[in-house]
1. Give the separation of the Cα centroids, region 193-249 to region 39-108, in Å.
2. What does the net charge come to around PHE241 if you take all other residues with beta carbon closer than 14 Å to its beta carbon, with K and R at +1 and D and E at -1?
3. Rank these for me by crowding, PHE113, PHE241, going from fewest to most other beta carbons within 10 Å.
4. Quick one: which residues, 5+ away or cross-chain, put their amide H under 5 Å from the amide H of PHE54? H built at 1.01 Å from N.
5. With a 10 Å Cβ neighbour count serving as the proxy for reagent exposure, in which order, fewest first, do LYS62, LYS110 appear?
6. If we count every other residue with Cβ under 13 angstrom of GLU72's Cβ, Lys/Arg +1 and Asp/Glu -1, where does the sum land?
7. Per residue Cα convex hull volume for the chain, in cubic angstrom?
8. Which of the peptides 178-186, 122-130 is most tightly packed, and how do the rest follow, going by the mean number of other Cβ atoms within 10 Å of each residue?
Amino acid sequence: MSLASTNIHARPNRSWWKQNQQMLTPYLFLIPGIVFFLVYVIVPVFQSFWLSGFDWDGLGEKEWIGLANYRELFDDSAFYTSLNNNVLWLVLYMVAVPLGLAIALFLNQKVRFMRAYKSLFFFPFVISQVVVGLIFAWFYAPGFGLFYLLIEWLTGRGIAVLADPDLVTYGIIAAGLWPQIAYTMILYLTGLNAVDPEQIEAARLDGAKGFRMLWFVILPQLRPATFIAVVVTVIGALRSFDLVSIMTDGGPFGSSRVLSFYMYEQALSEYGYRMGYGASIAVILFLIMLVFISGFVWKMVGDERKGF
């Protein structure tokens, strides 16, 4: 018997786990995240769809009413006010993406005191939304708020932003943009660190600079950061609850309501305890988010396949 055949017979049989360990290990790390996502995201989504067909106060017996909650919802003027405000949030909130990019491009330069500048721009991201709401509530406060005093000095008459039904939503959106711009800036700063310097140098040799350099060389490499920034900004605009609750509690006269706050009012506040009606609002809000995010994902996948 040869030495080679002796070694083959002497080698112990490897277990199934040893043979497939490298292939299975990534899936084992993913399983906990998938389980949590299913239990705390997917299952509640389907529960909301199911609950929206009931008349239920959260404690007593559920009464199946089918689509009655949706029929009432589409005749509810407060729902349309909330929906219009959410659309306004969505449109104006998208300003955070280009502004975050512009600040990131500025902070990516090598200038003196850059660390201090980065700290100043990073600060809004690390503070709580509750604190942001209180800061801007004081900023707009009639009589002593800095914004009120500034407008009074410029025009002779101050403006109580949070007490004006026509201006209150714009005031809250401005408060929300402060930390949102900081967040998109961080995403773009991270993306700029991954930009290929060789492509930058090649573009410079070809005479590209300024806007052409940004549009044709830098932005294509920032596509992953842009995707995350847009998705997070859309979600933030559509679930804008905390600032509305802290700054105005939906007022004045319900003019600053958004869908997430109106859902809370109907389902959990002392004015509501209508779990089924609140769930129907949550379903509408979920479908709006799904349409926007799915459309953007579809566009991103299409661009990747085309090689742009």
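1. The distance from the Cα centre of region 193-249 to that of region 39-108 comes to 26 Å.
2. -1
3. Details: PHE113 9, PHE241 15.
The order, fewest Cβ neighbours first, is PHE113, PHE241.
4. Hits under the 5 Å cutoff: ILE65.
5. Listed from fewest to most nearby Cβ atoms, that is LYS110, LYS62.
6. -1
7. Convex hull of Cα atoms, per residue: 272 Å³.
8. 178-186, 122-130
Throughout, read-outs are computed from the coordinates displayed, never taken from laboratory work. This structure is a prediction, so every number in the text was calculated from the model and none was measured. Here the Cβ is made from the backbone with ideal geometry for all residues, glycine too, and neighbour counts use every protein chain on show.
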